[in-house]
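Undergrad: I have a structure I would like to understand better, so I am pasting it below and will then ask my questions one at a time.
The values are calculated or read from the model by the stated rules, or taken from the named source; none is laboratory data. Keep in mind that what you see is a predicted model, and the values were worked out from it rather than measured. Cβ coordinates were reconstructed from backbone atoms using ideal geometry, including for glycine residues, and neighbour counts include every protein chain displayed.
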Amino acid sequence: MKKFSVLLLIVVFFSACKPSHLALQSSFNPRFSPPAPDYGNRQYWASLPDKVDAADSTPLNSNLRNTQALAHADVFFVYPTIFTGTPKNQSIWNADVNDEELNREIQATTILNQASVFNGACRIYVPYYRQAHLYAFYTPNKEDAARALELAYQDVKTAFEYYLEHYNQGRPIVIASHSQGSYHAERLLRDFFDGKELQKKLVAAYLVGFPIKRDAFTNIRPCENPNEVGVWASWNTFGKNYFPDNYVKCFKDAVSTNPLLWSSSEEFASRELNLGGVSIHFTFAPQLVDAQNHAGILWINKPYLRGRWHLPSKSWHRADMNFFYMNIRENVAIRIEKFLASDQLMAVTQKSKNGIADK
């Protein structure tokens, strides 16, 4: 009975088959949008480097440490859709950032399991934002969806502007996100980095859980090795040999980065290359999955856990980052180190040029 209970927990934790989404019955109405967050107020940040929050956590049995205080780079993280249930009031299309119950869920899920990946190499900044309801991605009314997602993006944009003005202080920047968060982060990169002065400060972007096309940006390339800087990575995880119903529409032309190889190669990467993921109860799990890119998506065999053959084998969306927790953690540190070294070399070169010019 105990083994069955543990297996059930694993299935619930990792499984992300096609969601049985709640259909919203009313059209988007801006009069009923929840109040906008004031990012000058710390309560509207899910995570800040000097604030006690779930991003400070490290997985059980991992021997990792939260070293944000020593970090030389920042990560601006945009979380996925957590607003999926029945709305509590007239604000049905966008989440209320003052909803304490929802904010606790955000902390206990995405901030704990995803944002914490970066606490070994980055100072973590995560704004609460008026995320669009899950139904925005399923409604046949594209106008409703567009308006709800636009409202959400404006919060992300405003938070990033506040971050730049009040928190960044010239440090290198990592952009990271998952699912709906990556929908917004892709746009954030175009608006603030792609071909802009700020691109010089971009270490890398991890746009996970949302299909990103190769030509999404004009000047920012998808990564093809583990130590490139100024690049982006993206993947969407499915069981081997499975194609989602919306494959042709959404994923066929997407770039898939294998987070065990950090390239778009379709070479198989064995689980021995997996430095460890996180499982239920935020517990370190070594060599959790293997990985192989295939035609725009990332395929895995079932996670190597007890009772693995009883696990689902289709969509693993919820675990896009959990499965590769340690590989992401290591990779962002490598890229930051490479960025800082390149930055110092450029500074020395410029100083030398200036000295010659002075003579």
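Undergrad: For the subset of the range 139-161 comprising residues that are touching a residue at least 24 places away in the same chain (Cβ under 8 Å) and not in a helix (DSSP H, G or I), which member is surrounded by the most Cβ atoms within 10 Å (Cβ to Cβ)?
TA: Thr139
Undergrad: Additional query: Listed residues Leu305, Leu311, Leu298; which is crowded, with 16+ Cβ neighbours inside 10 Å, in contact with a Lys or Arg (Cβ under 8 Å, 6 or more places away or on another chain) and not acidic (Asp, Glu)?
TA: Leu311
Undergrad: Moving on. Looking at Ala185, Ala204, Ala148, which one is over 19 Å from the mean Cα position of the chain (by Cα) and at pLDDT 95 or above?
TA: Ala148
Undergrad: Among (1) of a type in the set (Asp, Glu); (2) crowded, with 18+ Cβ neighbours inside 10 Å; (3) more than 23 Å from Pro59 (Cβ to Cβ), where does Asp320 come up short?
TA: (3)
Undergrad: Further, regarding this structure: Working only within the range 94-145, note down all residues that are closer than 19 Å to Asn29 by Cα and within 18 Å of the chain's Cα centre (by Cα).
TA: Tyr129, Arg130, Gln131, Ala132, His133, Leu134, Phe137
Undergrad: Looking only at the range 103-131, count every residue that is aliphatic (A, V, I, L, M) and either under 18 Å from Tyr153 (Cα atoms) or in contact with a Gly (Cβ under 9 Å, 6 or more places away or on another chain) (or both) and tell me the total.
TA: Counting residues in the range 103-131 that are aliphatic (A, V, I, L, M) and either under 18 Å from Tyr153 (Cα atoms) or in contact with a Gly (Cβ under 9 Å, 6 or more places away or on another chain) (or both) gives 2.
Undergrad: Against the definition (at pLDDT 95 or above, more than 27 Å from Asn327 (Cβ to Cβ) and either surrounded by 20 or more Cβ atoms within 10 Å (Cβ to Cβ) or of a type in the set (S, T, N, Q) (or both)), how does Leu164 come out, yes or no?
TA: No, not satisfied.
Undergrad: For the range 202-226, what are the residues that are touching a residue at least 40 places away in the same chain (Cβ under 8 Å), of a type in the set (Lys, Arg) and not in a strand (DSSP E or B)?
TA: Across the range 202-226, the qualifying residue is only Arg214.
Undergrad: If we scan the range 241-257, do we find a residue that is closer than 17 Å to Val174 by Cβ, under 19 Å from the mean Cα position of the chain (by Cα) and either modelled with pLDDT of 95 or more or not hydrophobic (A, V, I, L, M, F, W, C) (or both)?
TA: Looking for residues that are closer than 17 Å to Val174 by Cβ, under 19 Å from the mean Cα position of the chain (by Cα) and either modelled with pLDDT of 95 or more or not hydrophobic (A, V, I, L, M, F, W, C) (or both), one finds at least one in the range 241-257, hence yes.
Undergrad: Looking only at the range 231-250, which residues are surrounded by fewer than 21 Cβ atoms within 10 Å (Cβ to Cβ) and touching a residue at least 12 places away in the same chain (Cβ under 8 Å)?
TA: Val231, Gly239, Lys240, Asn241, Tyr242, Phe243, Pro244, Asp245, Tyr247, Cys250, listed by residue number.
Undergrad: Exactly one of these conditions fails for Glu330: (1) in contact with a strand residue (DSSP E or B) (Cβ under 9 Å, 6 or more places away or on another chain); (2) more than 29 Å from Asn246 (Cα to Cα); (3) free of Cβ contacts under 8 Å to residues at least 60 places away in the same chain. Give me its number.
TA: Only one criterion is unmet by Glu330, namely (1).
Undergrad: Tell me yes or no: at least one residue of the range 116-125 is touching a residue at least 40 places away in the same chain (Cβ under 8 Å), outside any loop (DSSP other than H, G, I, E, B), among the polar types (S, T, N, Q) and surrounded by fewer than 24 Cβ atoms within 10 Å (Cβ to Cβ).
TA: No: the range 116-125 contains no residue that is touching a residue at least 40 places away in the same chain (Cβ under 8 Å), outside any loop (DSSP other than H, G, I, E, B), among the polar types (S, T, N, Q) and surrounded by fewer than 24 Cβ atoms within 10 Å (Cβ to Cβ).
Undergrad: Scan Glu272, Glu267 and give me the residue that is touching a strand residue (DSSP E or B) at 6+ places or on another chain (Cβ under 8 Å), of a type in the set (Asp, Glu) and touching a residue at least 12 places away in the same chain (Cβ under 8 Å).
TA: The conditions single out Glu267.
Undergrad: Would you mention how many residues in the range 272-310 are assigned to a helix (DSSP H, G or I) and either more than 26 Å from Ala205 (Cβ to Cβ) or under 19 Å from the mean Cα position of the chain (by Cα) (or both)?
TA: 7
Undergrad: Check Glu267 against each of (1) farther than 16 Å from Pro226 by Cβ; (2) out of contact with any Phe, Trp or Tyr (no Cβ under 6 Å at 6 or more places or on another chain) and name the one condition it does not meet.
TA: Glu267 satisfies all of (1) farther than 16 Å from Pro226 by Cβ; (2) out of contact with any Phe, Trp or Tyr (no Cβ under 6 Å at 6 or more places or on another chain) except (1).
Undergrad: If we keep just the residues of the range 311-333 that are among the aliphatic types (A, V, I, L, M) and part of a loop (DSSP other than H, G, I, E, B), which is modelled with the highest pLDDT?
TA: Met321
Undergrad: Would you check if Ser182 is surrounded by 23 or more Cβ atoms within 10 Å (Cβ to Cβ), in contact (Cβ under 8 Å) with a residue 12 or more places away in the chain, under 26 Å from Leu70 (Cβ atoms) and of a type outside the set (D, E, K, R)?
TA: no
Undergrad: Taking only pairs six or more apart or across chains, which ones have beta-carbon atoms under 7 Å, a first residue in the range 305-317 that is small (Gly, Ala, Ser), and a second residue that is modelled with pLDDT of 85 or more and in a loop (DSSP other than H, G, I, E, B)?
TA: Pairs that qualify, where the first residue is small (Gly, Ala, Ser) and the partner is modelled with pLDDT of 85 or more and in a loop (DSSP other than H, G, I, E, B), are Ser313/Tyr242; Ser313/Lys302; Ser315/Pro244.
Undergrad: Tell me whether the range 96-112 contains one or more residues that are closer than 15 Å to Pro37 by Cβ and assigned to a strand (DSSP E or B).
TA: no
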